[in-house]
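Read through the structure below, which is laid out as structure tokens, and then see the notes.
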Amino acid sequence: MKLFDVYPLFDIEIKSGKGCYTYDTEGNEYLDLYGGHAVISIGHSHPYYINKITEQAQRLTFYSNSVKNSLQQQLSDKLGKISGYEDYSLFLINSGAEANENALKLASFHTGKKKVIAFSKAFHGRTSAAVKVTDNPKIVAPINDTFEVAFLPLNDIERVKKEISKGDVCAVIIEGIQGVGGIQVPDTQFLKELRNICTQNQVVLILDEVQS
């Protein structure tokens, strides 16, 4: 079976890695600045990571969420203490796009509306609703085009206020730092005003911080 041709690939096959270096099939060494796809930047073959993965695999690799799993609660407790948000609820999910899908769905359930505000150069994923709020029409299929999205300039709070005043917005979704869009950082004051305007109008503010 032929592999599906998604996008052009570099003519390099990485076979192994150690620390911040990777090695290809020809024996070439590369300084890896990729950073674990921005979500697992711990380097390669770290002994602590390898040991923990091995220990868990020797016990159990997968089971259903329909039974108790104390590891999930341990993770939740640790994340709460580190982040300072111990009174929040943690919803464990597989990927950033999946997290955004659920956030958008919950926002629509909560408000009874379906219009979303996103921002120029935004990237929120390639799945159904997430790709619709990603500012790249080329990757939005007709089946994804099921709700209205207003793409506004980053840091333009007046445009946000004008759009929200129409009364049909369920959510505003924004990255803490735009990655695919070219490392664009929202102004602190803009984020504060965004929080206030969403609260005042019962609009859900979704902070997509998976890569940032």
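The values are calculated or read from the model by the stated rules, or taken from the named source; none is laboratory data. Quantities reported herein were computed from a predicted structural model and do not represent experimental measurements. Positions of Cβ are backbone-derived with ideal geometry, glycine not excepted, and every protein chain shown enters the neighbour counts.
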(request) Among the numbered conditions (1) surrounded by fewer than 12 Cβ atoms within 10 Å (Cβ to Cβ); (2) touching a residue at least 12 places away in the same chain (Cβ under 8 Å), tell me where Gln58 comes up short. (result) (2)
(request) Please determine, by comparing only the residues of the range 80-94 that are modelled with pLDDT of 95 or more and part of a helix (DSSP H, G or I), which one is nearest to Ser128 (Cα to Cα). (result) Gly80
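Given the criterion under 19 Å from the mean Cα position of the chain (by Cα) and of a type in the set (D, E, K, R), identify the matching residue among Lys105, Lys68, Lys81. Spell out how you get there, then give the answer.
On the way: Lys68 fails: under 19 Å from the mean Cα position of the chain (by Cα); Lys81 fails: under 19 Å from the mean Cα position of the chain (by Cα).
The unique qualifying residue is Lys105.
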(message) Can you name every one of the strands (runs of 3 or more DSSP E) wholly within the range 95-212 that holds 2 or more residues which are out of contact with any Gly (no Cβ under 7 Å at 6 or more places or on another chain) and in contact (Cβ under 8 Å) with a residue 40 or more places away in the chain?
(response) 115-119, 169-175, 204-208
(message) Yes or no: the range 173-189 includes at least one residue that is of a type outside the set (Gly, Ala, Ser), at pLDDT below 95 and at positive phi.
(response) yes
(request) Scan (1) assigned by TED's automatic domain parsing to the domain that holds Val203; (2) surrounded by fewer than 17 Cβ atoms within 10 Å (Cβ to Cβ) for the single condition Ala129 breaks and write down its number. (result) (2)
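Yes/no matrix, rows are residues, columns are (1) exposed (fewer than 13 other Cβ atoms within 10 Å of the Cβ); (2) within 19 Å of the chain's Cα centre (by Cα); (3) not assigned by TED's automatic domain parsing to the domain that holds Gly35:
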site: Glu101; (1), (2), (3): no, yes, yes
site: Ile139; (1), (2), (3): yes, yes, yes
site: Phe147; (1), (2), (3): no, no, yes
site: Lys161; (1), (2), (3): no, no, yes
site: Lys166; (1), (2), (3): yes, no, yes
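Listed here are the residues, each with its yes/no results for (1) within 21 Å of Gln211 (Cα to Cα); (2) surrounded by 10 or more Cβ atoms within 10 Å (Cβ to Cβ); (3) touching a Gly at 6+ places or on another chain (Cβ under 7 Å).
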{"site": "Ile14", "(1), (2), (3)": "no, yes, no"}
{"site": "Gly19", "(1), (2), (3)": "yes, yes, yes"}
{"site": "Thr22", "(1), (2), (3)": "no, yes, no"}
{"site": "Thr25", "(1), (2), (3)": "no, yes, no"}
{"site": "Tyr30", "(1), (2), (3)": "no, yes, no"}
{"site": "Tyr34", "(1), (2), (3)": "yes, yes, no"}
{"site": "Ser41", "(1), (2), (3)": "yes, yes, yes"}
{"site": "Ser45", "(1), (2), (3)": "no, yes, yes"}
{"site": "Tyr49", "(1), (2), (3)": "yes, yes, no"}
(message) Being farther than 14 Å from Asp208 by Cα, of a type in the set (Lys, Arg) and in contact with a strand residue (DSSP E or B) (Cβ under 9 Å, 6 or more places away or on another chain) is the filter here; which residues of the range 79-124 pass it?
(response) Lys113, Lys114, Lys115
